[in-house]
Amino acid sequence: MISTANYIHLKGIRLYAFHGVLPQESQVGAEYTLDLRLKTDFRLAAEQDVLEGTLNYAEVFQTVREEMAIPSRLLEHVIHRIARQLFHRFPALTEVRIALYKQNPPMGADCGQVGVEAEYTRAATVG
């Protein structure tokens, strides 16, 4: 048996943060929901039941929480920073898909959430 693709999911992460273009958004804040799909080779962890062969979910969450605590105007910028930091901290990570949603956005419409999603791939290094 061969594993051809390995993904770790963290879905429905709920955090309170201060992102937005409007002044009230950076003062009052809002609730956010974040979904991650992380591609890494965790065959060693699957075969040998060792943490060293995969990503530590708690460390991934801590990275997300740290980046969410930095106020930004745009959600696009927030997910870019999160992806960059995940690639920096987890060398075995090869792809990141992030979806970030602001709950009850202040836009004068009856809308439960708005959000952005992007998929990032680790850049190949030349050496």
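The values are calculated or read from the model by the stated rules, or taken from the named source; none is laboratory data. The model shown is predicted, which means the values in this text are computed figures rather than measured ones. Virtual Cβ from ideal backbone geometry, glycine too; neighbours counted across all protein chains shown. Ligands, DNA and RNA are stripped out before the accessible areas are found, and what is left, the full protein with its side chains, is counted by its heavy atoms. Shrake-Rupley method; radii C 1.70, N 1.55, O 1.52, S 1.80 Å.
Per-structure values
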{"quantity": "Test result for A58, modelled with pLDDT of 95 or more, of a type in the set (A, V, I, L, M), more than 30 Å from I2 (Cβ to Cβ) and surrounded by fewer than 13 Cβ atoms within 10 Å (Cβ to Cβ)", "calculated": "no"}
{"quantity": "Scan of the stretch 93-113 for residues that are open to solvent by 40 Å² or more (accessible area, probe 1.4 Å) and either at pLDDT 95 or above or within 16 Å of the chain's Cα centre (by Cα) (or both), ordered by number", "calculated": "T94, R97, Y101"}
{"quantity": "Filtered residues of the stretch 12-41 (kept if among the aliphatic types (A, V, I, L, M) and under 18 Å from the mean Cα position of the chain (by Cα))", "calculated": "I13, L15, A17, A30, L34, L36, L38"}
{"quantity": "Filter result (in contact with a Pro (Cβ under 8 Å, 6 or more places away or on another chain) and without any contact (Cβ under 8 Å) to a residue 24 or more places away in the chain) within the stretch 68-113", "calculated": "C111"}
{"quantity": "Filter pass, E52 being farther than 17 Å from N6 by Cα and not in a strand (DSSP E or B)", "calculated": "no"}
{"quantity": "Selection from the stretch 114-125 of residues that are surrounded by fewer than 14 Cβ atoms within 10 Å (Cβ to Cβ), part of a loop (DSSP other than H, G, I, E, B) and either touching a helix residue (DSSP H, G or I) at 6+ places or on another chain (Cβ under 7 Å) or modelled with pLDDT of 75 or more (or both)", "calculated": "A123"}
